[in-house]
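Note sheet for the following structure.
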Amino acid sequence: MSSKRLGFFTRLLDNTSAQERYRLATEQIIHAEQLGFDSAWVAQHHFHEAEGGLPAPLVFLAQVAAHTRFIRLGTGVITLPMENALRVAEDTAVLDLLSGGRLEIGLGSGGTPTSFPPFGLESQDRGKAFGNNLHTLLTAWRGEPLAGTGNRLYPAAPQLANRVWQATFSVDGGARAGKSGDGLMLSRTQPRPSDAPDLRLDELQNPIIDAYLDALPQGVAPRIMGSRTAFVTESGDEARELAQKGLRRQAENHRASGQIVKGDTLDDYIRAFDVHLGTAAQVTATLQADTALARVTDLAFQVHSIDPPHPYILRSIELIARHVAPALGWVRRTPQRHVSSSSADSSFSREAL
């Protein structure tokens with residue numbers, strides 16, 4: 001079995017202005033690259049700054065690409081129903097060239113329901129819109145004629161069709177991603193069924209992994225990303241103290257939107273939001289108990305919804321790279337300069353499990 005790849009994920013939620021959020025997130029990604037992280041991922045959110053601070057992930061990643069050399073840059077995710085698929089095809093094609101072939105494209109149909117109407121779409125129609133836009137996107141990347149004309153995507157980007165990741169909460173979604181030969185993105189937390197509110201996260205996600213692997217075409221290497229909240233400090237007590245504010249805010253936001261969060265203690269919030277926090281030894285122990293995480297090809301760690309101050313995020317990134325990730329199967333690789341889209345793509349795929 002090959003070693004796992006290690007990713008840093010951010011929703012750009014530092015408690016400051018939008019401009020400063022972008023600067024701090026860039027610094028965090030640069031820090032992750034220096035410590036050997038294989039990938040960095042950013043989320044897309046429209047309008048609601050408390051949920052995510054980045055409506056334009058490809059624009060942001062373009063400037064990150066100029067400040068980094070080796071780390072792969074991914075969207076986790078682009079909410080495709082809200083996008084013009086041809087513009088996504090063009091922007092990703094250009095960005096992949098600018099970054100030296102380092103782009104990974106995570107796609108999803110979700111998003112805050114109230115964000116859909118300004119884009120001329122209702123939330124309940126997002127599944128159909130996702131399917132239609134994904135078809136257009138893949139058609140463009142593959143260089144096929146567009147809309148019955150002689151037009152084809154420029155610059156050509158056939159390599160990007162092999163770098164798609166699909167995010168899902170469901171077994172059906174896992175099967176869909178597997179059938180397509182795409183990567184599977186598993187969330188740091190997800191809603192529990194109303195009839196089984198105490199299910200562990202791995203109990204929810206292992207069936208999704210099973211469906212993905214069962215549907216994966218023969219000969220296609222699996223790509224399974226497990227995202228988890230992991231905040232690591234030298235002091236477990238300090239980690240808990242810093243977690244109080246962010247996790248309480250997350251609980252309040254969930255309740256305001258009609259979701260149920262059981263209990264009002266920090267430990268209740270830790271369980272409800274599947275949080276791993278504390279010293280490197282404490283975080284390693286709880287992550288090692290996650291049976292779904294043991295099956296992934298890619299580990300991705302974020303500090304949300306704790307959202308501690310920036311210096312603590314940098315230190316957590318360092319402690320994860322030095323102590324936590326190696327205990328979970330990650331081996332730091334010697335980075336190779338990406339000289340072309342094709343060479344970067346093939347080197348990444350060969351390292352899959």
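With the contact rule set at Cα under 8 Å and sequence spacing of 6 or more, what percent relative contact order holds for the chain?
21 percent
Using a Förster distance of 25 Å, how high is the FRET efficiency between R332 and Q282, based on the Cβ-Cβ distance and rounded to 0.05?
0.65
Which loop-located GluC sites (Glu not before Pro) does region 70-156 contain, where loop means any DSSP state but H, G, I, E or B and the Cβ has at most 13 other Cβ atoms within 10 Å?
Passing both the DSSP loop test and the Cβ count: E122.
Using a probe radius of 1.4 Å on heavy atoms only, what accessible surface per residue do you get for region 76-142? Whole Å² is fine.
Result: 41 Å² of accessible area for each residue.
How high is the FRET efficiency between K262 and S170 when r is their beta carbon distance and R₀ equals 22 Å, given to the nearest 0.05?
It comes out at approximately 0.45.
Under a 1.4 angstrom probe, counting protein chains only, how are S115, S194 ranked by accessible area, largest first?
The ordering from most to least exposed comes out as S194, S115.
How big is the C-alpha Rg of region 49-105 next to the rule-of-thumb value 2.2 N^0.38 Å, as a ratio?
1.12
What residue among R72, R192, R228 has the largest mean-square fluctuation in a Gaussian network model of the chain, using Cα springs under 10 Å?
In the Gaussian network model the winner is R192.
Helix-only estimate, please: 222 nm mean residue ellipticity of the chain, summing -39500 (n - 2.57) across DSSP H runs of length 4 or more and dividing by its residues, to the nearest 500.
Using -39500 (n - 2.57) per qualifying helix, the result is -12500 deg cm²/dmol.
On the protein heavy atoms, probe 1.4 angstrom, tell me the percent of accessible surface of the chain carried by carbon and sulfur.
Whole-percent figure for carbon plus sulfur exposure: 53.
Compute the accessible area per residue over region 169-267, keeping the other protein chains in place, probe 1.4 Å, unit Å².
Per residue, region 169-267 has 51 Å² of solvent-accessible surface.
Given a cut-off of under 8 Å on Cα pairs at least six residues apart, what relative contact order in percent is computed for region 142-237?
Relative contact order comes out at 28 percent.
The values are calculated or read from the model by the stated rules, or taken from the named source; none is laboratory data. The model shown is predicted, which means the values in this text are computed figures rather than measured ones. Backbone-built Cβ (ideal geometry, glycine too); neighbour counts: all protein chains shown. The area values use the complete protein model at the heavy-atom level, side chains included, leaving out ligands, DNA and RNA. Shrake-Rupley method; radii C 1.70, N 1.55, O 1.52, S 1.80 Å.
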